[in-house]
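Below you'll find the structure, written out as structure tokens, and then a few comments.
The values are calculated or read from the model by the stated rules, or taken from the named source; none is laboratory data. Predicted model, so just to flag it, every value in this text is computed and none were measured. Every residue, glycine among them, receives a Cβ derived from its backbone with ideal geometry; neighbour counts consider all protein chains shown.
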Amino acid sequence: MGGMTCGACVRRVEKKLARLDGVTASVNLATGRARVRHPPGTGTDRLIAAVEQAGYTAALPEPPRPERPGGTSGTSGTSRPTDAPGSPTAAEDGAPDRRERDRLLVTALLAVPVLVLSMVPALQFRNWQWLCFALAAPVAAWSAWPFHLRAARGLRHAAATMDTLVSLGVVASFTWSSYALFVGGAGEPGMRMPFSLLPAAPDSDVAHLYLEAAVAVPLFVLTGRFLEARGRHGTGAALRALVRLAAKEVAVRDGAGERLVPIGELGVGQEFVVRPGERVATDGTVVEGGSALDLSLVTGESAPVEVGPGSSVTGGAVNSGGLLVVRATAVGADSQLARITRLVTDAQAGKARAQRVADEIAGVFVPVVLTLAATALGFWLGAGAEPQAAVTAGVAVLVVACPCALGLATPTALMAATGRGARLGVLVSGPRALEALRHVDTVVLDKTGTLTTGRMSVVRLTAVPDGLGAERVALLAAAVERGSEHPLGRAVTAYARRAAPARELPAVTDFAALPGRGVRGRVEGRLVEVGAPDGALPDPLAEALAATAAAARTPVVVRVDGAVEALIEVGDVQRAGSYRAVDQLRRLGVRPVLATGDHAAPAHAVAADLRVEEVHAGCSPEDKAALVRDLRARGRRVAVVGDGVNDAAALAGADLGIALGTGADVAIGAADVTLVRGGIEALPDAVRLARRALGTIRANLLWAFGYNVVTVPLAMAGLLNPMLAAAAMSASSLLVVGNSLRLRAWQPSPDRARPAPRTEPAP
């Protein structure tokens with residue numbers, strides 16, 4: 001969408017689109033993009049025509065793609081967005097083009113001599129004013145032409161924008177200066193003009209020149225907008241980085257060997273090759289090979305992730321090691337990278353509550369400024385002031401007013417915050433979610449898969465003194481359990497492989513499964529039994545067995561040739577970082593509540609480790625949703641964190657739903673925030689970032705409003721030179737953009753929490 005320069009433009013486009021039946025629109029000044037929801041019967045040509053009728057240009061970011069089955073756009077009477085989120089064309093939005101740079105450079109070359117000669121009387125030679133006039137004429141005409149053109153378009157549509165103010169300011173300054181030169185006596189050879197920061201009546205009857213204002217206004221406004229464009233381009237860096245992660249071609253493996261095909265031709269179930277240094281083309285499962293993947297740009301995870309046959313991989317990850325053959329499980333818009341890009345794009349297209357108010361004000365701002373400028377001109381003329389003093393006051397009012405800052409206050413901060421969040425592994429669906437995250441005071445946490453890994457693992461192995469030793473016992477037990485599909489057996493086998501990665505598991509003979517008791521087999525000539533404890537145990541093992549009940553872990557006894565050798569404790573272990581995350585949430589004033597469908601013993605054990613005081617065990621999905629409603633009824637602002645289908649109802653009913661990126665699609669779909677790093681360790685960072693972003697938005701809006709409240713009355717009182725007014729107006733927008741850009745460098749505060757309890761098995 002082209003031609004928008006301020007909040008008044010935004011408001012005008014939104015109102016024009018809203019006049020179409022069933023159409024709602026949200027226009028983002030920072031990106032120049034609109035999110036439009038419209039009935040299926042309203043074609044995009046009508047939407048584009050409505051924008052053009054408002055005096056602006058519009059185009060689709062990419063050709064519309066067929067909707068996937070299950071979409072809403074094919075249903076009669078429903079609405080759909082015209083903007084395709086995550087399209088590559090969004091990557092370059094906001095970037096200043098070469099024509100703007102060239103226009104700025106030529107303007108500077110012409111305007112600087114005019115400014116110097118007008119501001120330094122000692123340099124004013126004979127007929128200097130005519131040289132300044134010759135240099136100022138192309139600035140007032142050619143350099144300011146975009147402003148004049150957009151102002152004329154607005155006039156045809158009975159609309160006034162920031163361009164109207166700039167155009168009128170330039171025309172008024174240059175016209176008055178032309179009058180002074182040709183009629184008012186300022187063109188006489190030898191004329192000298194003193195410079196003052198404040199407007200002042202001339203010492204003689206010679207009319208004052210305002211050529212410095214005529215060139216300063218275009219120069220400062222063009223400079224400001226060029227820097228704004230670069231700043232806005234910077235706030236979208238995260239989105240462009242995500243777009244660049246998408247592969248363009250992929251090496252597909254079939255019966256004829258390998259062939260390079262466009263990524264759009266890759267289908268689910270096809271196998272493709274990822275060589276060292278290449279990006280994984282799309283989500284899939286490793287079929288052959290092993291390597292380490294760098295996921296830092298996709299999920300924010302800094303440590304490489306080891307993968308092998310059977311491992312899931314994410315599109316956009318970089319293969320840091322060996323050759324991989326991957327079977328595609330999701331392609332195109334269904335891949336995780338596409339979902340992340342879509343979430344970031346949608347978030348950056350939205351508006352916070354404060355920005356919606358600012359846009360309403362900007363919609364009436366320019367007409368009010370025009371009225372104030374005319375009032376100032378009429379007042380000073382009526383009060384008997386010199387005509388040029390009255391013109392000075394009117395021009396200063398036109399130039400100093402700045403609705404640009406109002407329009408940029410929220411979008412630039414939101415783009416920077418959501419982009420930074422994406423790099424930290426936090427995806428926010430939009431400004432409303434950011435506002436809700438800022439005010440959350442209670443968080444309801446699921447246990448299995450959220451605070452814990454959701455899979456059985458060996459927590460501890462206790463061997464009898466003077467026995468075979470922990471490593472030897474683990475290998476014998478794993479050899480017997482290797483053929484078992486039971487979760488306990490898989491946990492024991494995985495533990496042994498980690499404990500002794502260089503050793504092969506010995507072979508087993510005479511294997512037998514004992515229902516309800518365990519398994520047994522002969523390994524290296526010895527009878528090995530792995531099963532539930534029965535009978536008395538040696539002292540070290542008896543103490544460990546007593547501890548398993550308190551921790552809600554499952555005990556497994558290993559016997560070799562009938563003698564008890566070790567006790568293995570198996571359980572759903574706590575995720576790394578869960579304690580730190582919960583502790584930091586408490587420090588931020590957020591009360592944690594544990595709600596799980598698991599039994600009371602494991603729920604209270606996890607709660608005790610994490611120091612969570614309120615626990616709700618045995619909760620059905622309906623119970624979790626009811627708990628959320630009860631907390632909200634008590635005046636709490638509730639966020640729910642979950643990863644499963646059973647969490648979807650609670651996520652949807654909370655003030656804020658937070659899903660794990662590794663969770664079920666229905667949970668992610670019901671959530672407002674997604675933590676793509678897999679755990680909740682990023683949640684405190686998300687809360688801090690939301691608070692910082694909302695603080696930045698408030699500061700931006702305070703400056704934008706305060707600037708106009710102070711400077712417009714000064715200009716009306718004749719206390720502001722038009723040239724300084726132009727500089728101040730540009731500085732206002734730059735300050736807003738610069739303040740927002742600080743969010744790109746935001747870092748989570750150092751972790752000062754005590755170390756988390758050791759729950760992971762130590763090979």
Options E471, E481: the member that is of a type in the set (D, E), in the same structural domain as T554 (by TED's automatic domain parsing) and buried (at least 20 other Cβ atoms within 10 Å of the Cβ): E481
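Tell me, which residue of segment 532-576 that is among the small types (G, A, S) and crowded, with 17+ Cβ neighbours inside 10 Å is modelled with the highest pLDDT? Please lay out each step first, then the result.
Initial filter on segment 532-576 (among the small types (G, A, S)): 532, 535-536, 542, 544, 546-547, 549-552, 562-563, 566, 571, 576.
Still in the list and also crowded, with 17+ Cβ neighbours inside 10 Å: 544, 551-552, 566, 571.
Numbers: A544: 78, A551: 73, A552: 64, A566: 88, G571: 78.
Ranking the qualifying residues of segment 532-576, first place goes to A566.
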Long-range neighbours under 7 Å by Cβ, at least six apart or interchain, first residue under 17 Å from V582 (Cα atoms) within segment 424-443, second acidic (D, E): V426/D685; V440/D655
Residue within segment 434-447 that is modelled with pLDDT of 80 or more, surrounded by 20 or more Cβ atoms within 10 Å (Cβ to Cβ), among the small types (G, A, S) and closer than 27 Å to Q574 by Cβ present: no
Any pair with Cβ under 7 angstrom, 6 or more apart, that starts in segment 585-598 at a residue that is more than 15 Å from A650 (Cα to Cα) and touching a residue at least 40 places away in the same chain (Cβ under 8 Å) and ends at one that is among the hydroxyl-bearing types (S, T, Y) and outside any loop (DSSP other than H, G, I, E, B): V590/T442; R591/T442
The lone exception for P66 - which of (1) modelled with pLDDT under 75; (2) under 25 Å from the mean Cα position of the chain (by Cα); (3) exposed (fewer than 15 other Cβ atoms within 10 Å of the Cβ); (4) more than 23 Å from R150 (Cβ to Cβ) it fails: (2)
Selection count, segment 116-136, where residues are touching a residue at least 12 places away in the same chain (Cβ under 8 Å), surrounded by fewer than 18 Cβ atoms within 10 Å (Cβ to Cβ) and not in a loop (DSSP other than H, G, I, E, B): 4
Residues that are surrounded by fewer than 18 Cβ atoms within 10 Å (Cβ to Cβ) and touching an Asp or Glu at 6+ places or on another chain (Cβ under 8 Å), drawn from segment 578-596: G589, R591
Which numbered condition H604 fails, given (1) surrounded by 14 or more Cβ atoms within 10 Å (Cβ to Cβ); (2) modelled with pLDDT of 90 or more; (3) part of a helix (DSSP H, G or I): (2)
In segment 611-628, residue surrounded by the fewest Cβ atoms within 10 Å (Cβ to Cβ) [restricted to those that are within 14 Å of V443 (Cα to Cα) and of a type in the set (A, V, I, L, M)]: V615
Number of the condition not met by A566 [criteria: (1) part of a strand (DSSP E or B); (2) small (G, A, S); (3) free of Cβ contacts under 8 Å to residues at least 60 places away in the same chain]: (3)
